[in-house]
Amino acid sequence: MREIQTTLDCATASSVERRRQFDELQAQLAAHSDPIEQHMARTMKSFADGLFAGGDAASLPVDNLDLERAFRLPKGHERRIHGHAHAGVRIVQRGPTLLLALDAHARHPEPFRAEDLLPFRHAEAPTSQRQSIRRRRVMRMARSKKKRPLLLASLEQRYRQASLAT
């Protein structure tokens with residue numbers, strides 16, 4: 001376990017070298033007859049891609065564990081705000097703008113003033129976020145027994161308009 005942990009420590013070597021050591025350890029464990037060591041080898045193989053995804057770039061997360069640590073903070077903030085054990089799907093659907101807002105205190109420790117927010121007054125949500133919210137709205141209508149007929153009618157109307165246009 002210590003050898004595996006050493007391959008994950010960024011201070012020990014470059015990501016390419018650590019990945020090579022990690023792969024060697026995984027191969028050694030896979031060659032053993034002990035089922036526990038073989039299981040560890042399979043687990044290491046499944047995690048390998050994410051563990052070294054960040055490379056050595058300082059601006060990127062070092063590994064998938066670092067990425068999870070970064071996302072833990074907003075989820076914790078969401079849970080404290082709403083008093084729920086789970087942060088819900090809000091972070092996934094509104095994530096591109098919500099994460100910046102939830103993490104703003106880390107970059108701007110004092111209270112925001114109007115002058116601080118003026119550059120963002122015309123900002124829009126990214127296209128991917130708007131599409132995600134639109135898909136969620138459609139899926140919620142599809143699940144609702146009351147709203148499903150309205151959704152089907154609007155989809156039929158869009159289909160007719162599209163077929164007339166062609």
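Read the figures in this text as sums done on the coordinates, not as results from a lab. These numbers come from a predicted model, not from an experiment. Reconstructed Cβ throughout: ideal geometry from the backbone, glycine too, with neighbour counts over all protein chains shown.
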Cβ charges +1 (Lys, Arg) and -1 (Asp, Glu), total dipole of region 124-166, debye: 360 debye
A convex hull over the alpha carbons of region 124-166 yields, per residue, a volume in Å³ of 85 Å³
If you take the beta carbon distance between ILE133 and ILE36 as r and set R0 to 45 Å, what does 1/(1 + (r/R0)^6) give as a FRET efficiency, to the nearest 0.05? 0.45
